[in-house]
Number of protein chains: 2
Amino acid sequence: NRKKTISVTELVSGILAGNITALSRAITLIESTNPSHSKKANDIISKCLPHANTSTRIGITGVPGVGKSTFIEAFGIHLTSLQKKVAVLAVDPSSSLSQGSILGDKTRMEDLVKNDNAFIRPSPSGNSLGGVARKTRETIILCEAAGFDTIIIETVGVGQSETAVHGMVDFFLLLKLAGAGDELQGIKRGIIEMADAIVINKADGENIKAAKTAKVEFNRALHLYPAKASEWSPKVSLCSALKREGISEIWNMIEDYTKVTTANHYFETNRNNQNKFWLLQTIEDRLKSNFYNAPKIKLELPKQILLVEAGKTTPFAAAEYLLSL
Amino acid sequence: NRKKTISVTELVSGILAGNITALSRAITLIESTNPSHSKKANDIISKCLPHANTSTRIGITGVPGVGKSTFIEAFGIHLTSLQKKVAVLAVDPSSSLSQGSILGDKTRMEDLVKNDNAFIRPSPSGNSLGGVARKTRETIILCEAAGFDTIIIETVGVGQSETAVHGMVDFFLLLKLAGAGDELQGIKRGIIEMADAIVINKADGENIKAAKTAKVEFNRALHLYPAKASEWSPKVSLCSALKREGISEIWNMIEDYTKVTTANHYFETNRNNQNKFWLLQTIEDRLKSNFYNAPKIKLELPKQILLVEAGKTTPFAAAEYLLSL
């Protein structure tokens, strides 16, 4: 089988030359659960690492129906028109091969898919957010080594995936729609707090008035939050992804953000903090999974929980006992 | 030394008889760092456990200056007038013997201190929130076994201590002051989200108008949050702890809460979930401290962080390496 004989060296030189086939194949190794693939993937990553860390990484979130695909298509097309190379990745722990995932249906980004300066890759599958996030972070490294200078990472507004994406990007964009009046209802506050920009999509035709009202309300809401360590004040913008209006303004804003945060060194500090976070997170996830997956603990933990519930032991005594096994 | 010869059995029967000296001495064993004391403490706790779980546990938080001591004194006096037995504990990880702690200065609760049906114990000292929280949770068990039917746990608005206290009480009360207009500025949103009641203190004299305005604003803010699993809608109340006005209404509200959550079984479910949380939390804290305090890791972790920052390794590869040591 010819495919399997391609060496790490060949894949790496392919990636560094900007070869999309090599890039895709290396990402498949990252996503594989086969231990020999993981070894190969780790080799590739460490050879790509000196060529990484070169892009602007942008996270985009928003609930289903907000028009994420249409927005990313319009935004990506605009970036390629500025001679940028754009990679679009996704983090969706709920996706699997059978369900299909966000970005899985590339027909939703028809124009961008055909563009030679764009690379679109659906979310890696997996039920653990930690695993999916790790694969995506490693994929970012390969994309950067392949010359992509703008990385867009899409996520759905589900569970903790926004927090994971926020922890791997430079700029975090929340996509919203203008609703019927009470814009603040039902928003996860933590997400607004993470946002560097709130973009109200579908601000066209009859929606324009509602969108402008929503802009005022979001601006007011943003003012209730304490100042960010980045010294960047989050902005609210309107756009119509469908009509491709307001898109260049959003990219200009991200360039402003990059200027501000490069000047005050937050950009670099933030990336270092993100790296440290992922290092510690990986260690702690593994310590926990090693412990809880040990056969003795699997057997004894439920028994101890029952004893605690029955008031026969304290949580602390039960913990001591389990740790002593 | 007579003090040291008191046996576990004697202490336990003292506690069960409601003897405050026995209770205090047993709490001192819980707070001790001496391993032989810890063994004794664990014996006492397990013998008290069948007599515990009988109180209403109320968490009270608020920034310094809000009048927590005055409020707790007024509230405690009211409860003892209803023939209740009230224990007042505190969680303050920043306190130490030298600094003094919240509740340390009992002169701030002069009337309550003299009351036979009240027991006041300052925060255990310690720099780790986990350690302080554990000692306080164990102290709750002893207080309940000693016949205290209402446990008040005070905390300052610092770091994660509110979350710890919220995780050990049935009802969580946020004490506030009416400010000059923009009440929502600077509030930690997570704390509002945890609150079962917001009580605006010092609602007397010239402050009444501002307090009423604040009440409207907090009610509006509370409506922005999703409904609670307890099915309880958080309430906003006014009081003047100094003038002892509005205090009985707060206790009536807590009784309403207990009725609602007992009927829908949230009260019990919440306690079970809290126990499970502390069990897992204790395990995970210990797994982490065992790992990070190992001499090899102490030596190698900073080196790996530097390599990650220099782009010579990834956070994931560094984690694998450290886990393999």
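The values are calculated or read from the model by the stated rules, or taken from the named source; none is laboratory data. Quick caveat: nothing in here was measured; it's all calculated off a predicted structure. Heads up, the Cβs are rebuilt from the backbone with ideal geometry, glycines too, and the neighbour counts pull from every protein chain shown. Side chains included, ligands, DNA and RNA excluded: accessible areas come from the protein's heavy atoms. Shrake-Rupley method; radii C 1.70, N 1.55, O 1.52, S 1.80 Å.
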Kirkwood Rh, region B:1-76, all Cα pairs: how many Å? 14.6 Å
With Cα springs under 10 Å, the Gaussian network model of chain B assigns the largest mean-square fluctuation among B:GLU300, B:GLU217, B:GLU154 to B:GLU300
Determine the calculated [θ] at 222 nm for chain B from helices alone, applying -39500 (n - 2.57) to every DSSP H run no shorter than 4 residues and normalising by the residue count; nearest 500 deg cm²/dmol. -16500 deg cm²/dmol
Heavy-atom accessible surface buried between A and B, both sides counted, 1.4 angstrom probe, nearest 100 Å², is 4000 Å²
Just to be sure I understand: with springs between alpha-carbon atoms less than 10 Å apart, which residue in A:ILE58, A:ILE305, A:ILE283 has the highest mean-square fluctuation in the Gaussian network model of chain A? A:ILE305
So which residues in region B:309-325 end up with at least 40 square angstrom less accessible surface once the other protein chains are there, compared with the chain by itself, probe 1.4 angstrom? B:GLU309, B:THR314, B:PRO315, B:PHE316, B:ALA319, B:GLU320, B:LEU323
Take the alpha carbon atoms of region A:203-246, find their center, do the same for region B:236-279, and report the distance between the two centers in whole angstrom. 39 Å
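Please give the peptides B:241-250, B:195-204, B:125-134 ranked by average Cβ packing (other Cβ atoms within 10 Å per residue), highest first, as a rough proxy for protection.
By packing density, highest mean first, the sequence is B:195-204, B:125-134, B:241-250.
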Starting from the eigenvalues of the Cα gyration tensor, five times each then square-rooted, give me the equivalent ellipsoid semi-axes of region A:52-263, largest first, whole Å. 25, 19, 19
Convex hull volume of the protein assembly as shown per residue (C-alpha atoms, cubic angstrom): 187 Å³
Pairs to check: A:LYS176/A:LYS228; A:LYS84/A:LYS288; A:LYS312/B:LYS288; B:LYS39/B:LYS288; A:LYS85/A:LYS176; B:LYS39/B:LYS84. Give those whose C-alpha atoms are more than 30 Å from each other in this structure. A:LYS84/A:LYS288; B:LYS39/B:LYS84
Report in % the part of the accessible area of region B:52-264 that belongs to carbon and sulfur, leaving out ligands and nucleic acids; probe 1.4 Å. 53 percent
Inter-copy separations for B:GLU268, label at 7 Å along Cα-Cβ, nm, ascending: 6.0
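So if R0 is 56 Å, what FRET efficiency would B:ASN264 and A:LYS209 give, r being the distance between their Cβ atoms, rounded to the nearest 0.05?
Plugging the Cβ-Cβ distance into 1/(1 + (r/R0)^6) gives 0.85.
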Karplus 3J(HN,Hα) series, Hz, for region B:280-289 with 6.51 cos²θ - 1.76 cosθ + 1.60 (x for Gly, Pro): 5, 4, 4, 4, 5, 4, 5, 4, 5, 5
For region B:248-264, in residue order, the Karplus 3J(HN,Hα) values (coefficients 6.51, -1.76, 1.60; θ = phi - 60°; whole Hz; Gly and Pro = x) are 5, 4, 5, 5, 4, 4, 5, 5, 4, 4, 4, 4, 4, 7, 6, 4, 8
What is the Cα radius of gyration of region B:279-324 over 2.2 N^0.38 Å, N being its residue count? 1.30
In whole Hz, with x marking every Gly and Pro, tabulate ³J(HN,Hα) for region A:77-84 from phi via Karplus 6.51 cos²θ - 1.76 cosθ + 1.60, θ = phi - 60°. 4, 4, 5, 5, 5, 9, 6, 8
Quick one: work out the % antiparallel among DSSP beta bridges in region A:52-263, nearest 5. 5 percent
Between B:ILE120 and residues 5 or more places away or on another chain, the pairs with built amide H atoms under 5 Å apart involve B:VAL88
